[in-house]
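The block underneath contains the structure these notes are about, expressed in structure tokens.
The values are calculated or read from the model by the stated rules, or taken from the named source; none is laboratory data. Worth saying up front: this structure is predicted, and the values here are computed from it rather than measured. Ideal geometry is used to build each Cβ from the backbone, glycine not excepted, and the neighbour counts take in all protein chains shown.
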Amino acid sequence: MKKLLFGALVIAAATFAATPCGAQTLDMDPLPVEKVSADSLMKHIVELGSEYYEGRLAATRGHERALRYASRVMEGYGLKDIELQQFPIECNEVESAVFDVYTPGSKEKRTFTLGNEFCCAGMTGRGYVDAQMVFVGYGVSHSAYDEYKGVDAQGKIVVVLTGLPEWLPASVGEHFVTLRDKARVAERHGAIGLLAVNTSAGCLPTEVQARVYCGELPHMGTFPMLQLTLDCGRELLTTEREDLDAAMAGIASERKPHSFALFKHAAVDVNTRYRADAPTYNLLGMIEGSDRTMKNEIVVVGASLDGAGLQGETCLFPSADVNASGVAAVLETARILSLAPYRPKRSILFVLFSGGQQQWRGSRAFLLGYDKLKHVEAFVNVQNVGSGDSLMVLGDGSYPALWQVARSHDTMPSRRLMALPLEKTSPRGDARAFDQMRIPSIVITTKGGLRHNNVPSDIWENIDSDILAKAARLTMETVAELSDGRYQGRSPQSKGYRYGLIEY
């Protein structure tokens, strides 16, 4: 790891005293803390969501700028042992992309706009292709269900739908989930490019949506992959043998392929800078505990700092809710607890992970490289807390005692109305790897959020500052209680586990 030395950033706020939950047996003084500041929270989100940070794609200039900003904030709050933890990640920077559609023999050409009507798949290949298009549904080619049967994809550009039919057996569909899965199948059938029409229910038909993670390696370096809005896909199939909505409805009702060649041709030109093992970093900072013995026990609180990035010069994914909101809540927790005159007994480690957009690789890298792992007693993950109708805490099914700490703070008078899960939940996101190590973990997030998940409209103006402040307050109070010595969390057995059973 590398030590960071950056200038200080000082932010002031008013104070009040909060009383942590008394469900445990030890008699201890409450932790005096400052109030959560909506201004402080929004300051971080406005900053990190600005064009200067270029969407914070892991291993890019924008992400490194975000690391510098966050480290200056941590130093300003007085955190100690601020370090960078380096690990390799796949990185593909889209420098330009052009997408035209035309009908042979016609002088008319339709040019679609990067960022408005299409974007590139995160791990698209580069190059220029110009060919007839072929629609092959969800791009499945299996003995039980073959959408390539009866169509010629050789030398063509394949048009597919994202996702899979709900009725398709998992044993079949698991091979055709990601865009790379679909692209490899298309390439085996002789195709030279892929156009994926976004069918995500959480995305408007007019919105482009980034997918940084496209499936596992190897990289398809000369196979362009674009992701189109639903409306763009509809336009492609207009005046063709079947329109898009009719084809989708037919597949759903008849449970059989609706594949056909289009009259239209497409010309795609993509330029990228690809690196298979680009260096990226997790950022760590510590508040050391005050108790001579218990300071060796660590509570980790973290969030993913990286976002969906920038494509070309104008297709920006600001990534304000996903996940500058979680980062802001973690930094606000650091601010409040670092200013408290009563220091916690356990040490608190604040971690901003990279690689959240790529199956949360940063949390796995942290567990592989952190030399005090056996001292970690609990992990609190904060993700996507800038929108939604209520707070939600995941992990009650796996770690009910830890989950109850958060729940107890939410049930105090005049607090937050946390949504209770309909069924028992497990940790997700960055907390999954901690869970696999049997480190008690919860995820603080929201119910009904993610309206702007990896789309250009994920800007600070669309952040709900009220629910953000509630999430930050719940995070701070939960971490404060976990660190004051009452919580008895991790089992002695789990402290003997070695991280490495998880694929990385």
| said: If the requirement is being outside the structural domain of Ala480 (by TED's automatic domain parsing) and of a type in the set (A, V, I, L, M, F, W, C), which of these qualifies: Leu226, Leu305? | reply: Leu226
| task | Those residues that are of a type outside the set (A, V, I, L, M), out of contact with any Lys or Arg (no Cβ under 8 Å at 6 or more places or on another chain) and surrounded by fewer than 20 Cβ atoms within 10 Å (Cβ to Cβ), I need them from segment 187-207; list them, please. | result | Glu187, Arg188, His189, Thr199, Ser200, Thr206
| Given the conditions (1) within 27 Å of the chain's Cα centre (by Cα); (2) in a helix (DSSP H, G or I); (3) farther than 20 Å from Cys315 by Cα, and given that Ala201 satisfies all but one, which numbered condition is not satisfied? | (2)
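Please specify each residue of segment 130-184 satisfying the condition of being among the polar types (S, T, N, Q) and over 23 Å from Arg211 (Cβ atoms).
As a first pass, look at segment 130-184 and keep what is among the polar types (S, T, N, Q): 132, 141, 143, 154, 162, 171, 178.
Answer for segment 130-184, where residues must be among the polar types (S, T, N, Q) and over 23 Å from Arg211 (Cβ atoms): Gln132, Ser143, Gln154, Ser171.
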| Could you say whether any residue in segment 174-181 is assigned by TED's automatic domain parsing to the domain that holds Lys256, at pLDDT 95 or above, in a helix (DSSP H, G or I) and of a type in the set (D, E, K, R)? | yes
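This table checks each residue for (1) over 31 Å from the mean Cα position of the chain (by Cα); (2) over 18 Å from Leu236 (Cβ atoms); (3) not aliphatic (A, V, I, L, M).
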residue	(1), (2), (3)
Cys91	no, yes, yes
Ser96	no, yes, yes
Pro104	yes, no, yes
Lys109	yes, no, yes
Thr113	no, no, yes
Glu117	no, no, yes
Gly122	no, yes, yes
Gly127	no, yes, yes
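Would you check if Val300 is within 16 Å of the chain's Cα centre (by Cα) and under 20 Å from Thr478 (Cβ atoms)? Talk me through it step by step, then tell me what you get.
Values: within 16 Å of the chain's Cα centre (by Cα): no; under 20 Å from Thr478 (Cβ atoms): yes.
Answer is no for this residue.
Out of everything in segment 167-180 that is in contact (Cβ under 8 Å) with a residue 40 or more places away in the chain and under 19 Å from Ile157 (Cβ atoms), what residue ends up being farthest from the chain's Cα centre (by Cα)?
Just the residues of segment 167-180 that are in contact (Cβ under 8 Å) with a residue 40 or more places away in the chain, to begin with: 167, 179-180.
From what is left, the residues that are under 19 Å from Ile157 (Cβ atoms) are 179-180.
Working: Leu179: 17, Arg180: 19 Å.
It comes out as Arg180.
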| Hits in segment 212-267 - residues which are among the β-branched types (Val, Ile, Thr), in contact with a Lys or Arg (Cβ under 8 Å, 6 or more places away or on another chain) and over 30 Å from Ser354 (Cα atoms) | none
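Among the listed residues Leu226, Leu262, identify the single one that is in a strand (DSSP E or B) and in contact with a Phe, Trp or Tyr (Cβ under 6 Å, 6 or more places away or on another chain).
Details: Leu262 fails: in contact with a Phe, Trp or Tyr (Cβ under 6 Å, 6 or more places away or on another chain).
Going through Leu226, Leu262 in turn, just one is in a strand (DSSP E or B) and in contact with a Phe, Trp or Tyr (Cβ under 6 Å, 6 or more places away or on another chain): Leu226.
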| query | Looking at (1) assigned by TED's automatic domain parsing to the domain that holds Thr60; (2) over 22 Å from the mean Cα position of the chain (by Cα), which is the only condition Phe263 fails? | reply | (1)
| message | Quick check on this structure: which one of Gly76, Gly105, Gly127 is surrounded by fewer than 23 Cβ atoms within 10 Å (Cβ to Cβ) and at pLDDT below 95? | response | Gly105
| note | Going through (1) closer than 26 Å to His44 by Cα; (2) at pLDDT below 95 one by one, Ser347 fails only at (2)
| Which of the residues spanning segment 243-272 are touching a residue at least 24 places away in the same chain (Cβ under 8 Å) and of a type in the set (Asp, Glu)? | Asp269
| task | Please find, within segment 350-389, the residue that is nearest to Gly49 (Cα to Cα) out of those that are in contact with a Pro (Cβ under 9 Å, 6 or more places away or on another chain) and of a type in the set (Gly, Ala, Ser). | result | Ala365
